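Taking it in order: structure first as structure tokens, then the write-up.
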Amino acid sequence: MADDFLQYDRLVEDAMRSVVRRALEEAAENGLPGNHHFYITFSTRHPAAAVPPRLAAQYPETMTIVLQHQYYGLEVHSTHFEVTLSFNRMQERLHVPWEAVTVFHDPSVDFGLRFSREGVEPLLPVEEAGEEEAGQPEGGKGDKGEGGGNVVSLDRFRKK
């Protein structure tokens, strides 16, 4: 196989991360329309992630947050996003670099992306992913959806 000097797998992953960034930009500018809501899993160990110490102790590897009804001050930047969520009735500010995001899922339209070091992978339904939710509004877990619908798989474009 020829050397991939253009690193197409990296270009595709960057493009897919821009989908996540654009969805969050829409939410920051206009709120979440209809039944849209986002499950976002990210690595709390990423060097540029800023998570309050008590949450980092509770979620030492990854954290899944839910942006649905009770999120505040969502700011979207070229390298990261920031949001304030309520955890046990205490508001906490999170700083999440795009490179730390491992899963993005909008169950209202059954769309999801899973990012890894190897690129973009098919997304398992949230129930099967074994992730623990954080930042969920008090009083309910919300609709997780069934998964498996409009999940983007780019396996055939990856280097073998």
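Give the residues of the stretch 1-22 that are over 21 Å from Gly112 (Cβ atoms) and in contact (Cβ under 8 Å) with a residue 24 or more places away in the chain, sorted by residue number. Please lay out each step first, then the result.
Let us first name the residues in the stretch 1-22 that are over 21 Å from Gly112 (Cβ atoms), namely 1-8.
Once the filter is applied, which keeps residues that are over 21 Å from Gly112 (Cβ atoms) and in contact (Cβ under 8 Å) with a residue 24 or more places away in the chain, the stretch 1-22 yields Met1, Asp4, Tyr8.
Looking at the stretch 77-96, which of its residues are free of Cβ contacts under 8 Å to residues at least 40 places away in the same chain, part of a strand (DSSP E or B) and either open to solvent by 50 Å² or more (accessible area, probe 1.4 Å) or over 14 Å from Ala49 (Cβ atoms) (or both)?
Thr84, Met90, Gln91
So Leu74 fits all but one of (1) in contact with a strand residue (DSSP E or B) (Cβ under 7 Å, 6 or more places away or on another chain); (2) open to solvent by 40 Å² or more (accessible area, probe 1.4 Å); (3) over 20 Å from Asp14 (Cα atoms); what number is the exception?
Unmet for Leu74, out of (1) in contact with a strand residue (DSSP E or B) (Cβ under 7 Å, 6 or more places away or on another chain); (2) open to solvent by 40 Å² or more (accessible area, probe 1.4 Å); (3) over 20 Å from Asp14 (Cα atoms): (2).
Taking Leu6 and the conditions (1) at pLDDT 90 or above; (2) out of contact with any strand residue (DSSP E or B) (no Cβ under 8 Å at 6 or more places or on another chain), which numbered condition does it fall short on, given that it satisfies the others?
Leu6 satisfies every listed condition except (1).
If you take the residues of the stretch 1-43 that are small (Gly, Ala, Ser) and assigned to a loop (DSSP other than H, G, I, E, B), which of them is surrounded by the fewest Cβ atoms within 10 Å (Cβ to Cβ)? Let's see the steps before the verdict.
Going through the stretch 1-43, the residues small (Gly, Ala, Ser) turn out to be 2, 15, 18, 23, 27-28, 31, 34, 43.
Retained after the next criterion (residues that are assigned to a loop (DSSP other than H, G, I, E, B)): 2, 31, 34.
Working: Ala2: 4, Gly31: 10, Gly34: 7.
Only one residue tops the list, namely Ala2.
Provide a single number: the residues in the stretch 44-53 that are open to solvent by less than 40 Å² (accessible area, probe 1.4 Å) and either hydrophobic (A, V, I, L, M, F, W, C) or in a helix (DSSP H, G or I) (or both).
2
So, of the residues in the stretch 108-124 that are in a loop (DSSP other than H, G, I, E, B) and at pLDDT 50 or above, which turns out to be least open to solvent (accessible area, probe 1.4 Å)? Even if it seems obvious, please write down each step before you answer.
Quick first cut of the stretch 108-124, residues in a loop (DSSP other than H, G, I, E, B) only: 108-110, 117-118, 122-124.
From what's left, at pLDDT 50 or above: 108-110, 117-118, 123.
Working: Ser108: 42, Val109: 70, Asp110: 39, Arg117: 230, Glu118: 114, Leu123: 16 Å².
Among them, the one singled out is Leu123.
The values are calculated or read from the model by the stated rules, or taken from the named source; none is laboratory data. The structure presented is a predicted model; accordingly, all values stated were derived computationally and were not measured. As a convention, Cβ positions derive from the backbone with ideal geometry for all residues, glycine included, and neighbour counts pool all protein chains shown. For the accessible areas, the whole protein counts, side chains as well, though only heavy atoms, and no ligand, DNA or RNA atoms are used. Shrake-Rupley method; radii C 1.70, N 1.55, O 1.52, S 1.80 Å.
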